[in-house]
Each structure stands twice: as structure tokens, then as C-alpha cells.
1. Which whole-Hz couplings ³J(HN,Hα) result when phi for each residue of region 269-276 is put into the Karplus expression 6.51 cos²θ - 1.76 cosθ + 1.60, θ = phi - 60°, listed in order with x for Gly and Pro?
2. Determine the relative contact order of the chain: mean sequence separation of Cα pairs under 8 Å and six or more apart, normalised by residue count, in whole percent.
3. Mind giving me the nanometre distance, one decimal, between the label points for residue 115 and residue 343, set 7 Å out from Cα along Cα→Cβ?
4. Just want the ordering: 55, 112, from fewest to most Cβ atoms lying within 10 Å of their own Cβ.
5. May I ask which of 6/219; 182/219; 6/332; 32/132; 32/82; 127/182 have a Cα-Cα span longer than 26 Å here?
6. Stretch residue 196-residue 104 to full length: gain in nm at 0.36 nm per residue minus the Cα-Cα span?
7. Determine one quarter of the surface area of the Cα convex hull of the chain, which equals its mean projected area, and express it in nm² to one decimal.
8. Whole percent per 5 Å bin, from 0 to the bin with the longest distance: what is P(r) over all C-alpha pairs of region 172-307?
Amino acid sequence: MARQIKPQSGIMDIALYQSGESQIGDRKDVVKLSSNENPFGPSEKAMEAFRRAAHTLHRYPPTDHASLRRAIAEVYGLDADKIICGVGSDEIITFLCQAYAGPRDEVLYTEHGFSMYRISALAAGAKPVEAKERERVTDVDALLAACTDRTRLVFIANPNNPTGTMIGGNELSRLADGLPPKAILVLDGAYADYVDGYDADTSLVESRENVVVTRTFSKLYGLGGLRVGWGYGPQPIIDVLNRVRGPFNLSTAALQGAEAAVRDQDYAAKCRAENTRMRAWLAEALAELGVPSDTSCANFILARFASEDEANACDDYLRGEGILVRRVAGYKLPNCLRITVGDEASCRRVAHAVAGFKGQR
């Protein structure tokens, strides 16, 4: 008898994820600006905590993540009992879809939203639904119009990836209040740490029963290689998510490294300030070359070209110069390139290269 082994419905609709490239042949001088990483890496305190963790690698890590949750709560002024930790914020997104969306349910997000929303929805058997943006900015009216009685999750990245744009708290409150009774608003704050003084709208969690915020240590804190993220939400939702979370989902090294990183706010502030400085410089330098971008609130800019052909040609030229950026046609932005804000030398190098591409050196 022939085997008829098949995956669940929706799985084969998921395209394999393509991460940002890190190499160009055998070149040793490659500048990687394709994955929105902190060019300065993690703090020395985080690296020291990681090294110390080597002495206890034979022990299982704690299952409650109490020490890390307490550190996050102290730094951000939150309730530690309402925090859940995961393998990057991606895992929190997966937990939400696994727990609250399934066959015949709908998961809503914006047309240029992070690709993991669609992937996690399909993996849970739910239907992914896109709402239009307005000039690459989240459109609350479009999201509300797209809601149905089957909507279970609404994902908003604020600031958004790959556009870098964001909307204000009043609009987010209006969205949360206008959702169907069974829907949860998930505010993805992966890049919120780059907005000075912004609480990633965690205050909405305190005043609503249907809002969850996700955060990550992969961006500002420079711990992409450790994969640590967290979520903040109403106690009943966090309790549900902990029921599907694996007991040992985070290693001891990841937990201790992340705790040291979040407590080193002096280093985080320096990285934030330098990103703000070079982001403004890079955006202005490219604009002077005829390559505009929307005001970015993250650690990258979305450079816009006249056509898809020009964007691809510029990307090819940059690769020839040893510079890796990110094509975003998969995000329905074929005429754009997403460029991570690197250190000053990297930003100047990419601006110089684009000038060469434009024939303006």
C-alpha cells in the first residue's frame, strides 16, 4: 500500500524563509547590512555573563525564567508575572497563533508586515489576511474594515519592518477598541528600543484585555545569536501561552546573557544614540543622491528607487563593492532596498557605493 503521508493544510503554502546573506564568495571585507543587527554587538557585561554560563552547561536551565523576567520588569517598569520569554519574539508569535488561531480562523496583518505573521498563521492552519497600508504606513481604518467574526489575531509591527514607519498610541488605542470581541491585538515591538522614550505601548496592556506586546533582544541588545525574546500581556493570555511553551525553551547561556544585557542600560543608550545619529546621516546622504526614504524609527532605512530594475541593479552593484543589503520584493516593495544602519564607516561606505552606482562620485 502506497503511503499517503501529508502535512497539515497550509504548511506547504509556506515558502522557506530566506535570511539576510552574510557572505560574498571568499571576500574578507564584506559589510553586512542585510539583517538589522547591532553593528557594535552585545555589551561586555552580556558577553561576560555568557562566558560564566559555560561552567553550568551540564545543568538544565530554570523553567520559569524568573530572574530574566524580573530584570525586564525592573528595567521597563512592568509586572514580571505578565511576562513570557521565548526563543526570539518569533516564538511568542508562534505561541499566539498556536493557542488562539486554527482552521476557519483568520490572522490579520498589514501588507508590508513582518513575514512571520503569515508563516505562523499558516502553520496553525489559520487563514492569513492582509490589510492595505497607506504610503507604507499602517492604516487603522483598513485593518478595522478587514476584520470579521473569524479574526482572532491582529499583528502590527510598530515600528514596522521593513518600512521603518510607525503610528501613534491614539491610533493603536482606536484599533484595540474597535476589534471584534474574540480578537487579540499583538504589537510587535522588535524595534521599539530604537525609539527614545517609547514604551512600545505596554501601557495598553494595563488598560485593555485584548493587547499583547512582543519584544526582542536580537536588535538593540545585539543578541541575535542567542535568540531571546519576550511578550507582555494580560495574565489570562500569558497563562495560556505558558501552557504551550516548552519548559526548557531557553538555555542558561541565553537567559544569563539577556539578563546582563537588559541591565546594562548605559550601553543600550549609547547604541541607540549612535543609531539615531547615523540613521539620519545615511538617509540624508542617500536622499542627496536621489534615493529617498520614509522617516525611519528603527535601525534601518527603506531606500526607494525609480523601479524594480534600478533597485536590483543597485543591489548587484553594492554586492560588487562587498556590501550586502536586503531586497524586499517579498514584502511587496520591489523597488526598494532595506539597508541596516551600521557603524559610521559602514554607512559612509554604502553611501559612497550608491554614489558610484548613480555616477555621482
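1. My calculation for region 269-276 gives 5, 5, 5, 4, 5, 5, 4, 4 Hz in order.
2. RCO, the chain: 23 percent.
3. About 2.9 nm, to one decimal.
4. 55, 112
5. 6/219; 182/219; 6/332; 32/132; 32/82
6. Full extension of this stretch gives 29.1 nm more.
7. Orientation-averaged projected area of the Cα hull: 20.7 nm².
8. 2, 9, 15, 16, 16, 15, 13, 8, 4, 2, 0
Read the figures in this text as sums done on the coordinates, not as results from a lab. Since the structure is predicted, the reported quantities are computational estimates derived from the model, not experimental observations. Heads up, the Cβs are rebuilt from the backbone with ideal geometry, glycines too, and the neighbour counts pull from every protein chain shown.
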